[in-house]
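The values are calculated or read from the model by the stated rules, or taken from the named source; none is laboratory data. This is a predicted model, so every value here is computed, not measured. Cβ: placed from backbone, ideal geometry, glycine included. Neighbour counts: every protein chain shown. Accessible surface areas use protein heavy atoms only, side chains included; no ligands, DNA or RNA. Shrake-Rupley method; radii C 1.70, N 1.55, O 1.52, S 1.80 Å.
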Amino acid sequence: MNKQVSVLFMLCGILFNVAILISNILAFKIISIGGITATAGLIIFPVSYILNDCITEVWGFKKARFIVWTGFATNFLTVILYQISIVIPPAPFWGFQEAYTTVLSQTPRIAIACLCAFLTGSFLNAYIMSRMKTASNGKRFSVRAIVSTLIGESADSMIFFTIAFAGIFPASEIGWLIFTQTFMKSGYEVIILPVTTRVVNYIKRMEGVDVYDREISYNVLKINEI
């Protein structure tokens, strides 16, 4: 079994992980754009879905599955290390413990919400992108990218806000947050779609690869199949 990976695939995987980690920190700041409230994670989080689309389109679902799990593992490890660093007593002269804790601490509920939302949304995005590519014989990349992102982002927002804030915020407010986050993140994908298309075509030419996922297992636990 050939498990070699290219430099471009490795670079996409690294950028995917970086986008996830940065978005988790930016998410602590609440911003307002045109009167719509969102988290600052909106700046970079949709990039992870764009990279997910690129990886699935070029190298197929198996490679995307591997990258999603590495993103989950990196995210999980980061949360644990943040909590350990918070618990360790600060130096007597360091006066930023409270601010540090405020930004990097996560309640178990928020951490679970983030991880569950990430896994579900990312795998849905890759699965739909893969199945639509096979069904359309590789045509209409733009449609596939938008549809997969819309469904993946919808699932991500729905799971995160429901787990994180059910019983804290009114159901109507949670529903509005789900809608606005999905709309804005998917809009990001549409705006940058011309760039995504060019990047995908460039990678295909450089790699000489254009995988169609026929007769593969979509079992998300088969991480060893890359």
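Taking Cα centroids, how far is region 82-140 from region 151-226 in Å?
First find each Cα centre; the distance between them is then 14 Å.
Report the calculated FRET efficiency for residue 179 and residue 143 (r = Cβ-Cβ distance, R0 = 25 Å), to the nearest 0.05.
Working: r = 22 Å, r/R0 = 0.87.
Approximately 0.70, to the nearest 0.05.
Hydropathy first: keep DSSP H helices in the chain averaging at least 0.5 on Kyte-Doolittle, then drop any whose Cα extent along the axis falls short of 15 Å, and list what survives.
Details: long enough: 7-26 (28 Å, 2.45); 45-59 (21 Å, 0.71); 61-87 (39 Å, 1.04); 108-135 (40 Å, 0.91); 141-165 (35 Å, 1.29); 171-207 (48 Å, 0.36).
The qualifying helices are 7-26, 45-59, 61-87, 108-135, 141-165.
May I ask for the net charge around residue 203, where only other residues with Cβ less than 11 Å from the Cβ of residue 203 are counted and Lys, Arg are +1 while Asp, Glu are -1?
Residues near residue 203 contribute 0 overall.
Restricting things to Cα coordinates, could you compute the convex hull volume per residue of region 1-87 in Å³?
Convex hull of Cα atoms, per residue: 106 Å³.
When Lys and Arg each count +1 and Asp and Glu each count -1, what net charge do the other residues less than 14 Å away from residue 36, Cβ to Cβ, add up to? The partial results should precede the final answer.
On the way: positive: 185; negative: 173.
Result for the local shell: 0.
Heavy atoms of the protein only, probe of 1.4 Å, neighbouring chains included. What is the accessible area of residue 172 in Å², nearest 10?
Answer for residue 172: close to 90 Å² accessible.
What are the residues whose amide H is under 5 Å from the amide H of residue 210, where those residues sit 5 or more places off or on another chain and H is modelled from the backbone?
It is none; the list stays empty.
How many nm is it between the label spots at residue 192 and residue 80, if each spot is 7 Å from the Cα in line with the beta carbon?
So the two model labels end up 3.0 nm from each other.
Considering only protein heavy atoms, what is the solvent-accessible area of residue 139 at a probe of 1.4 Å, reported in Å² to the nearest 10?
Solvent-accessible area, nearest 10 Å²: 120 Å².
Which lysines, on any chain, are close to residue 133 with Cα under 30 Å apart, when same-chain ones fewer than 8 places away are left out?
3, 62, 63, 185, 204, 222
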